[in-house]
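Colleague: My questions all concern the structure below.
FYI, it's all coordinate maths here, none of it is from the lab. In this text, all values refer to a predicted model and were calculated from it rather than measured experimentally. Neighbour counts run over all protein chains shown; Cβ positions are idealised from the backbone, glycine included.
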Amino acid sequence: MTLFMAKLIWAVGVVGWFAIRFEHQRRSRKTRKVRSADRLREMVLLSISICRMLVLPLTFVLSDQPKFANYTFMPWLAWLGAAVFVLALWLFYRTHHDLGRNWSVTLEIREQHKLVTSGVYSRLRHPMYSAFWLWALAQALLLPNWIAGPAGLVGFGTLFLFRIGREERMMEEMFGDEYRRYVECTDRIIPGVF
């Protein structure tokens with residue numbers, strides 16, 4: 001594994017991410033939204049996450065900048081990062097597949113919204129967030145730069161911390177006791193841990 005290959009793996013992973021999302025976003029747009037969370041807040045959180053998971057690492061991939069934050073490339077870390085990114089993409093695909101038309105980028109309830117509790121959702125309430133955490137971890141392992149590498153952990157971490165509570169409240173308001181029972185038998189993002 002070389003640094004060029006590690007950067008290429010990161011780029012291919014990002015393209016794969018968008019390919020998965022594009023198909024499902026196109027399908028879910030056909031289902032009308034009946035409730036949305038604060039749009040401005042959602043856009044700010046998404047912007048922070050996108051900057052840290054796409055803009056900063058892309059800058060490093062294309063230019064090796066910021067050079068002062070570079071550290072020695074370790075092939076074994078990059079191989080581990082590649083494996084983590086494959087797992088992230090698989091989980092990301094499964095979450096979209098299992099959600100179907102219930103999926104959206106921001107906090108929204110769609111017409112005829114159903115509580116999905118099968119597939120990867122049978123063990124985790126938020127497996128899509130798990131996939132994003134895995135992407136952020138893969139980025140940190142693949143890109144040997146103290147800013148671009150861990151930027152995804154900070155960016156997605158910000159979105160996660162300021163969104164997860166609101167999302168769970170929204171689901172509880174929508175599905176009531178059904179959601180409360182679901183919470184009791186699942187973990188948030190890491191099976192058996194959290």
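Colleague: Projected onto the charge dipole of the chain (+1 at Lys/Arg Cβ, -1 at Asp/Glu Cβ, origin at the Cα centre), which of G152, W103, W133 gives the Cα projection farthest towards the positive end?
Modeller: Highest projection toward the positive end goes to W103.
Colleague: Right, something else. Using only Cα atoms, what Kirkwood radius does the stretch 71-138 have, in angstroms? The partial results should precede the final answer.
Modeller: Numbers: mean 1/r = 0.0750 Å⁻¹.
By the Kirkwood definition, the hydrodynamic radius is 13.3 Å.
Colleague: Let me ask you something else. Where does helix 148-175 land angle-wise versus the long Cα axis of the chain, in degrees 0 to 90, nearest 10?
Modeller: 0
Colleague: According to a simple spin-label model (label point 7 Å from Cα along Cα-to-Cβ), what is the distance in nm between L46 and F4?
Modeller: In this crude label model, F4 to L46 measures out at 3.6 nm.
Colleague: Using each residue's phi in the stretch 64-77, evaluate 6.51 cos²θ - 1.76 cosθ + 1.60 at θ = phi - 60° and report the 3J(HN,Hα) Karplus result to the nearest Hz, with x for Gly and Pro.
Modeller: For the stretch 64-77, the Karplus-derived couplings read 6, 9, x, 4, 4, 9, 5, 9, 4, 5, 10, x, 5, 5 Hz, x marking Gly and Pro.
Colleague: From the mean inverse distance of alpha carbon pairs (Kirkwood) and the Cα radius of gyration, derive Rg over Rh for the stretch 39-194. It would help to have the intermediate numbers written out before the result.
Modeller: Values: Rg = 17.0 Å, Rh = 16.7 Å.
So for the stretch 39-194, dividing Rg by the Kirkwood Rh gives 1.02.
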